[in-house]
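The values are calculated or read from the model by the stated rules, or taken from the named source; none is laboratory data. Quick caveat, the model's predicted, so the values are computed rather than measured. Reconstructed Cβ throughout: ideal geometry from the backbone, glycine too, with neighbour counts over all protein chains shown. For the accessible areas, the whole protein counts, side chains as well, though only heavy atoms, and no ligand, DNA or RNA atoms are used. Shrake-Rupley method; radii C 1.70, N 1.55, O 1.52, S 1.80 Å.
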Amino acid sequence: MDIKNVAVIGAGTMGNGIAHVFAQSGFTVQLIDVNADQLKKALETIGKNLDRQITKGILTEAGKTQALANITTETAIAKGVQQADLVVEAATENVALKLKIFQEIDAHAPENAILATNTSSISITKIAAVTKRPGKVIGMHFMNPVPVMKLVEVINGYATTAEVSKTIVALSKQLGKIPAEANDYPGFVANRILMPMINEAIYSLYEGVAGVEEIDTIMKLGMAHPMGPLQLADFIGLDVCYSILNVLHEGFGNPKYAPCPLLTNMVTAGYLGAKSGEGFYKYEKGSKELVVSGRFRKA
Ligand code: NAD
C-alpha cells in the first residue's frame with residue numbers, strides 16, 4: 001500500500017522524533033497531542049535536532065525548511081487522522097489510555113489505514129482487539145533518540161496480516177532505518193532481553209557484589225556497551241524500567257522477572273533517574289559529568 005500521509009499521536013520524547021524522521025523523508029505529517037504547549041515544544045525540538053544534522057553535514061538548510069513544512073499540528077485525534085494512510089501512536093505508556101486512543105483512531109481514520117503503536121511493552125494483540133481492523137494493527141517500536149537510532153523493532157500482533165507487516169518493514173527502510181521483526185509476546189525482543197540485564201545489574205548493587213561505577217565500568221568496557229546498565233536505566237527512567245519488568249513478570253508468570261526490591265524502593269521514593277535529577281547517578285542541569293548518587297557513593 002502507498003503511504004504518503006502519516007499521523008503521529010503524542011508529541012513527547014518519541015513522538016517528536018518520529019514526526020521528524022517521517023517529515024525528513026518526505027511524508028506529510030500531522031502531529032497530534034492533547035497538550036498544545038507540548039506541540040509547540042515538539043516543533044522547537046525538531047527544529048533544534050534538524051540544526052544539529054546541518055552542523056554534522058548530513059542535512060541542508062533547504063532540507064530543514066522542507067521537513068518543517070511537511071509537519072502540521074493538531075489537538076484532536078478525530079480531525080488529525082482523517083487523511084492518514086498510517087497512524088503511529090506514541091502517547092503515554094498506559095494500557096487504558098492506549099485502548100481508548102485506538103478506538104478513537106479506528107473510528108476516524110480511513111478504512112485502509114494501518115495503525116501502528118510505538119509502545120515499549122503493551123500487547124499489540126490487546127490493542128488490536130479493540131479495533132475493527134486487527135489485521136492492520138502493528139508495533140513500530142522506534143528507539144530513543146529516534147533521528148539517531150537505526151533500529152525499528154516491528155512487532156506482529158497475533159492477527160497482523162503478512163501484507164501489513166511487509167509494508168511496515170519496507171517503510172522503515174524508506175526512513176533510513178533497519179527493521180527487525182518480532183512476534184507479540186511480553187517485552188517483545190528488545191525489552192525482554194534488556195530489562196532482565198538492567199534488573200540483574202540492580203540486584204548486583206543491592207546484594208553488594210559491586211558499586212555503581214564498578215558495575216557500569218565492567219559492562220561498558222567488558223561488553224563494549226556504549227553505557228553501563230545502571231546509567232542506561234537512569235536514562236530510560238526507573239519508573240519505565242519498573243513498569244516493563246512488571247509486564248514481563250505478569251505476562252510470563254515467572255518470578256525471574258520480578259523487579260529488584262531496590263528498584264521498587266527508588267521508584268516509590270521518586271528517584272526516577274535523569275528526569276527526576278537522581279537515580280543511580282545525580283544529574284545537574286548543564287553538567288555532563290557523571291556523578292554517582294550520594295546514596296551509593298563509597299565513604
Ligand atoms: P512522553 O511522556 O514524552 O510523551 C507522551 C505524550 O503523549 C505527551 O506529550 C502527552 O501529552 C501525549 N498524550 C497523552 N495522552 C494523549 C492523548 N489522549 N492524545 C494525544 N496525545 C496524548 O512519552 P514518550 O517517552 O515519548 O513515550 C511515548 C511512547 O513511546 C510510550 O508508549 C513509550 O513506551 C514508547 N517508547 C518510549 C521510549 C523512550 O525512551 N522514551 C522508547 C521506545 C518507546
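For (1) assigned to a helix (DSSP H, G or I); (2) under 23 Å from the mean Cα position of the chain (by Cα), each residue gets a yes or a no:
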{"residue": "Glu214", "(1), (2)": "yes, no"}
{"residue": "Lys220", "(1), (2)": "yes, yes"}
{"residue": "Leu230", "(1), (2)": "yes, yes"}
{"residue": "Asp239", "(1), (2)": "yes, yes"}
{"residue": "Val267", "(1), (2)": "yes, yes"}
{"residue": "Tyr271", "(1), (2)": "no, yes"}
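The set of residues in region 18-43 being assigned to a helix (DSSP H, G or I) and more than 23 Å from Lys79 (Cβ to Cβ) consists of Val21, Gln24.
When region 279-288 is filtered for residues that are open to solvent by 30 Å² or more (accessible area, probe 1.4 Å) and under 14 Å from Leu230 (Cα atoms), the ones remaining, listed by number, are Lys282, Tyr283. Taking the residues in region 20-51 that are within 16 Å of the ligand (Cβ to nearest atom) and acidic (Asp, Glu) as candidates, determine which candidate is farthest from Gln82 (Cα to Cα). Once the filter is applied, the top-ranked residue is Glu44.
For region 125-174, residues that are open to solvent by less than 60 Å² (accessible area, probe 1.4 Å) and under 22 Å from Ala11 (Cβ atoms) total 16. Applying the criterion of at least 3 residues that are within 14 Å of the ligand (Cβ to nearest atom) to the helices (runs of 4 or more DSSP H) found wholly in region 52-139 leaves 77-80, 95-108, 124-129.
Have a look at Leu194, Leu205 and point out the one that is within 16 Å of the ligand (Cβ to nearest atom) and open to solvent by 10 Å² or more (accessible area, probe 1.4 Å). Result of the check over Leu194, Leu205: Leu194. Check region 91-99 and report whether any residue there is open to solvent by 10 Å² or more (accessible area, probe 1.4 Å) and over 27 Å from Ser243 (Cβ atoms). For region 91-99, residues open to solvent by 10 Å² or more (accessible area, probe 1.4 Å) and over 27 Å from Ser243 (Cβ atoms): absent.
Listed by first and then second residue, the pairs with beta-carbon distance under 6 Å, at least 6 apart or on different chains, first residue in region 206-233 and farther than 16 Å from Tyr283 by Cα, second modelled with pLDDT of 95 or more and outside any helix (DSSP H, G or I), are Tyr206/Cys260; Asp216/Gly228; Met219/His225; Met219/Gly228; Lys220/Gly228.
Considering the conditions (1) modelled with pLDDT of 95 or more; (2) over 13 Å from the mean Cα position of the chain (by Cα), Val95 is excluded by exactly one of them, (1).
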